1. Condition (residue is part of a strand (DSSP E or B), more than 18 Å from residue 160 (Cα to Cα) and modelled with pLDDT of 95 or more) applied to the stretch 238-246: is it met by at least one residue?
2. So, in the stretch 78-87, how many residues would count as being in contact (Cβ under 8 Å) with a residue 60 or more places away in the chain and buried (at least 17 other Cβ atoms within 10 Å of the Cβ)?
3. Please determine, by comparing only the residues of the stretch 289-319 that are in contact with a Leu (Cβ under 9 Å, 6 or more places away or on another chain) and of a type in the set (Gly, Ala, Ser), which one is surrounded by the most Cβ atoms within 10 Å (Cβ to Cβ).
4. Among (1) under 18 Å from the mean Cα position of the chain (by Cα); (2) buried (at least 23 other Cβ atoms within 10 Å of the Cβ); (3) not in a strand (DSSP E or B); (4) not basic (Lys, Arg), there is one condition residue 57 misses while meeting the rest; what is its number?
5. Name the single residue, out of those in the stretch 88-114 being without any contact (Cβ under 8 Å) to a residue 24 or more places away in the chain and in a helix (DSSP H, G or I), that is nearest to residue 183 (Cα to Cα).
6. Considering only the stretch 303-352, state which residues are of a type in the set (A, V, I, L, M, F, W, C) and over 19 Å from residue 388 (Cα atoms).
7. Taking the condition of being under 18 Å from the mean Cα position of the chain (by Cα) and not hydrophobic (A, V, I, L, M, F, W, C), how many residues in the stretch 273-287 meet it?
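The values are calculated or read from the model by the stated rules, or taken from the named source; none is laboratory data. Computed from a prediction, not measured in an experiment: that's the story for all the values here. Glycine gets a Cβ as well: all are built from the backbone with ideal geometry, and neighbour counts include every protein chain shown.
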Amino acid sequence: MIKIRYTSLLCTLVLFMGIHVNAQTIVSTNPANKNVVLEEFTGIYCTYCPDGHKIAQQIKDANPSRVVLVNIHTGGYAAPSGSDPDFRTNYGSAIAGQANLAGYPAGTVNRHQFSMTQNGGTAMSRGDWGTAANQEFAVSSPVNVAATATWDVGANQISIYVEAYYTANSSASANSLNVAILESNVPGPQTGGTTYNPTNFDSEGNYLHQHMLRDFVTGQWGVSVSPTTTGSFYSNTFTYPIPANYNGIVPELSEITVAVYMAEGQQEVLTGVEVPLTATNIPTQNNSALIDVEDLGSYCGTSASPTITIRNMGSSTLTSLDINYDINGGGSGLYQWTGSLNFYEKEDVTLPLIAYTPMGTNTINVSTSNPNGVVDNDLSNDLGSSSFADAPEATSTTVYFEL
């Protein structure tokens, strides 16, 4: 099974092509109630934001097909210090500004103004999100939305196909269609994470940021849709080039999803959906990639057991691979890995102990070859290395006591 997600840099060119034909293929024409788009304003230095993350996830878990979570890193709590990552976008400030939020964490539910929203806007405290979501679930939507997202691996782009069908009249003569790129399980720092969301960490102690807004394919406030009267049908295909990174952070493509939601202008989201990417046009058949050689840190010894990460970049299931490795160019080891990885799946592999001569700064060299017993179709991603330092030697002190 392979459903993948991919992304795009904020400054990348977005091309979209409208197709307006009266032939729906994926959207329902039956009246339905609203789905919920919960936009949460957050930041890596916000102490209570992890509690908001947890509450939002609980709402989605209880209604998995009816809730779209969009975590927007914006404001002072999101401004990185030192080497911390920058998870902000060009869009967050404007969305937060129109919501009139009074503090963090805050969020909007369908950008609707409820009795409990802050400062006369649409933002509300995390304790009110569940109540607001339940109210929206009970409201009829004038429009249904459906989408598919295809990652063309060879062309390095995403094709997003959207359909909308109006089962009733919208109160606005023109609506705004928003297409967002989201990424989950993004490792990074988070103040308050261990206290308010302690289970949301990876094995290396990194907080895992979920549903992070990476980009809007359709710009700040979406693209115009009209007419919006009963029986109107809309379809559009958006072609989105894939970037190398977001603010210098390389995305994990298997964690990307696409959110699509219809709004009346800049506010009042009518409904929304979230879809994964499906990979097509994979240009290689047998292609393993060495994507990481773990740094051992400060290490004491004359033998080590390196850990590497491999990924299948070929269309054929990866079932075997030769892994050659050494430390400091000394005696080499060969590990013959076996397993089962579909396209873009990855696995951490701990290699057997190998002896080496310590050199102060030591280098682990790794190469992979013969995926599925044949020549690798792409040799450019088969080499990797990392360095580690010898741990300082302990010194002994003799203490004399007079009795």
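1. yes
2. 2
3. If we take residues in the stretch 289-319 being in contact with a Leu (Cβ under 9 Å, 6 or more places away or on another chain) and of a type in the set (Gly, Ala, Ser), then 304 is surrounded by the most Cβ atoms within 10 Å (Cβ to Cβ).
4. Evaluating residue 57 over (1) under 18 Å from the mean Cα position of the chain (by Cα); (2) buried (at least 23 other Cβ atoms within 10 Å of the Cβ); (3) not in a strand (DSSP E or B); (4) not basic (Lys, Arg) leaves (2) as the failure.
5. Step by step, filter the stretch 88-114, then rank; the result is 93.
6. Matches in the stretch 303-352: 310, 313, 318, 321, 323, 334, 337, 341, 343.
7. 3
Residues checked against (1) crowded, with 21+ Cβ neighbours inside 10 Å; (2) free of Cβ contacts under 8 Å to residues at least 60 places away in the same chain; (3) among the polar types (S, T, N, Q); (4) out of contact with any Asp or Glu (no Cβ under 6 Å at 6 or more places or on another chain):
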residue	(1), (2), (3), (4)
182	yes, no, no, yes
185	no, no, yes, no
191	no, no, yes, yes
196	no, no, no, no
242	no, no, no, yes
281	no, no, yes, no
